[in-house]
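The values are calculated or read from the model by the stated rules, or taken from the named source; none is laboratory data. Note that this is a predicted model, so its numbers are computed, not measured. Please note: Cβ atoms are built from the backbone with ideal geometry, for glycine as well, and neighbour counts cover all protein chains shown.
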Amino acid sequence: MKLGIAVFGCAALLGSTAQAHHSFAMFDNQKDVTIEGTVKNFQWTNPHTWIQLMVKDANGTEAEWSIEGQSPNGLVRQGWQKLSLKPGDRAVVVIHPLKDGSNGGSVVRVTVNGTLVGRPGGPGGPPPAP
C-alpha cells in the first residue's frame, strides 16, 4: 500500500513538472530580428518571463509584441533583475521570431534605455568574444 502511494505521488510530481515546460519549436532559431519599442510590462514569472513591447511599424501603427524569455532564476544568474525592464522604458530587443509571423519571439538580447541587460554569453547579453 505504501509503495503504491509513493509511486502515485512521484508520478503526480513528474506529470506536473512536464506540463510546466514547452518546446521552443515555434521560434525560428536561425533568424534574428531586431525590434524597438516601449515596454508595456515585464512579467517576472515562472516558468518563463515575458516582455510586452509596444512597437510601431513603418506606417506608425503601434502593435503589441509578446516576447518570451528564460526563467527568472536563469536570468538572475546572467545579471538580470525583476526591475531590469519597467513600463515606459525604451527597449531594443533582438529576438528569434515566431515561425508563423505573428508579433512575438524569444529573447536573444535586450538593450534598455541604451544599456545592455545581462552579461556576455548569457541571455540578454552579446555572445562572448572568440
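Points to keep in mind about this one:
- Among (1) modelled with pLDDT of 85 or more; (2) over 20 Å from Ser84 (Cβ atoms) - the single one Val39 does not satisfy: (2)
- Pair list, Cβ under 8 Å, 6 or more apart: segment 24-38 residue touching a residue at least 24 places away in the same chain (Cβ under 8 Å), other residue assigned to a loop (DSSP other than H, G, I, E, B) and surrounded by 12 or more Cβ atoms within 10 Å (Cβ to Cβ): Met26/Lys99; Phe27/Lys99; Asp28/Lys99; Thr38/Asp89
- Some residue of segment 26-36 being farther than 21 Å from His96 by Cβ, modelled with pLDDT of 95 or more and either touching a strand residue (DSSP E or B) at 6+ places or on another chain (Cβ under 7 Å) or in a loop (DSSP other than H, G, I, E, B) (or both): no
- Boolean, Ser84 is free of Cβ contacts under 8 Å to residues at least 24 places away in the same chain and not in a strand (DSSP E or B): no
- Residue match in segment 50-68 (condition: loosely packed, with under 13 Cβ neighbours inside 10 Å, of a type in the set (Ser, Thr, Tyr) and within 14 Å of the chain's Cα centre (by Cα)): no
- The set of residues in segment 53-74 that are closer than 16 Å to Val117 by Cβ, part of a strand (DSSP E or B) and out of contact with any His (no Cβ under 9 Å at 6 or more places or on another chain) comprises Leu53, Ile67.
- Filtered by the rule that a residue be assigned to a loop (DSSP other than H, G, I, E, B) and free of Cβ contacts under 8 Å to residues at least 60 places away in the same chain, segment 87-106 gives Pro87, Gly88, Asp89, Gly101, Ser102, Asn103.
- Test for Lys40: is it basic (Lys, Arg) and outside any strand (DSSP E or B): no
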